[in-house]
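Single-structure report; data block below.
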Amino acid sequence: MNSRFTEDDFGVTHLASLFHQDWRAGGSGGELVAGYVNEMPIPYIHALAEDASALAASGAAGPLATLWECATGSNHRLDADAALAWFQNIASISGSRLIGVDQAKIESMHESSYDELRARVVLEIDQIGSGLNEAIEKNSWVKLPGVVASLRFCATDVSPDLAFRFLLRAIMEYSCSIQRIQYERFIELGRDFAYGEFVVSRVEYLVDD
């Protein structure tokens, strides 16, 4: 199976990776989003628009705030009241960049909803849940409850693809150890999601042999 348009991350989770410890040196959160949308190639913007639109459409402000915070390692935190507007704004800015782009080109980027992988993603979230909670408790500088429930919500009600990418970001951001056998299942899931080489392999350093 061919990978998608990039060997690395994409969409909302790729944007979240830019909110590192020193992100404020580059301006406000809105300015960072606008810069990303203006500078990245169209396939990245299409993926970002799809992710943000799906999250905003869920209407679940609390889980969305939690997912975003864990994806940024708590370096960018949203009040629940602001979470829907945040993703709606990302979708709007991305959509504006896509105006005038050849629709055939956009349609060629469309990916499956991957509904057939939903149960496998939920299983991986459940299996690593206690370990992830422990890692967050140990390594987060703020309390962050409800991460596992929010990941499950994303997998069941939004997108298993996006939930898996959020899970990978959470594992990295909070240095959550994973077992070799689970990492191998992650690799298989990555192939089935048509991810590029580095989307999953970047967590290999956390494998506990």
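When peptides 157-169, 121-133 are ranked by their average number of other Cβ atoms within 10 Å per residue, the highest-first order is 157-169, 121-133. With all protein chains in place and a 1.4 Å probe, the accessible surface of the stretch 13-76 carries 51 percent carbon and sulfur. Relative to the Cα centre, the charge distribution of the chain, modelled as +1 at Lys and Arg Cβ and -1 at Asp and Glu Cβ, gives a dipole magnitude of about 300 debye. Restricting the calculation to Cα atoms, every distinct pair contributes to the Kirkwood radius of the chain, found to be 17.2 Å.
Contact order, relative form, for the stretch 1-142: 26 percent (alpha carbon pairs under 8 Å, 6 or more residues apart, mean separation divided by residue count). Sorting the segments 16-23, 183-190 by their mean number of nearby beta carbons within 10 angstrom, highest to lowest, gives 183-190, 16-23. Charge tally around residue 61: other residues with Cβ under 10 Å, Lys/Arg +1 each, Asp/Glu -1 each, net -2.
Along the stretch 117-126 the Karplus relation, 6.51 cos²θ - 1.76 cosθ + 1.60 evaluated at θ = phi - 60°, assigns HN-Hα couplings of 9, 4, 4, 5, 5, 4, 4, 5, 4, 5 Hz to successive residues, with x for each Gly and Pro. Amide H to amide H, with H built 1.01 Å from N, residue 179 comes under 5 Å of 208, counting only residues 5 or more places away or on other chains. With r as the distance between the Cβ atoms of residue 130 and residue 180 and R0 = 22 Å, compute the FRET efficiency 1/(1 + (r/R0)^6) and round to 0.05. Efficiency, from the Cβ-Cβ distance: 0.75. In the stretch 81-200, the ratio of gyration radius to Kirkwood radius, Rg to Rh, stands at 1.01 when only Cα atoms are counted.
If we count every other residue with Cβ under 12 angstrom of residue 44's Cβ, Lys/Arg +1 and Asp/Glu -1, where does the sum land? The answer is -3.
Ellipsoid fit via the Cα gyration tensor, the stretch 134-209: semi-axes of 20, 17, 9 Å, each the root of five times an eigenvalue, largest first. Think of a 1.4 Å ball rolled over the protein heavy atoms: the chain then has 46 Å² of accessible area per residue. Net charge in the neighbourhood of residue 125 (other residues with Cβ under 14 Å of its Cβ; Lys, Arg +1, Asp, Glu -1) is +2. Computed over the chain, the per-residue total of -39500 (n - 2.57) for DSSP H runs of n ≥ 4 gives a 222 nm mean residue ellipticity of -19500 deg cm²/dmol, rounded to 500.
The values are calculated or read from the model by the stated rules, or taken from the named source; none is laboratory data. Predicted model only: the values in this text are computed from it and were never measured. Counting neighbours? That spans all protein chains shown, and the Cβs are built from the backbone with ideal geometry, glycine included. Side chains included, ligands, DNA and RNA excluded: accessible areas come from the protein's heavy atoms. Shrake-Rupley method; radii C 1.70, N 1.55, O 1.52, S 1.80 Å.
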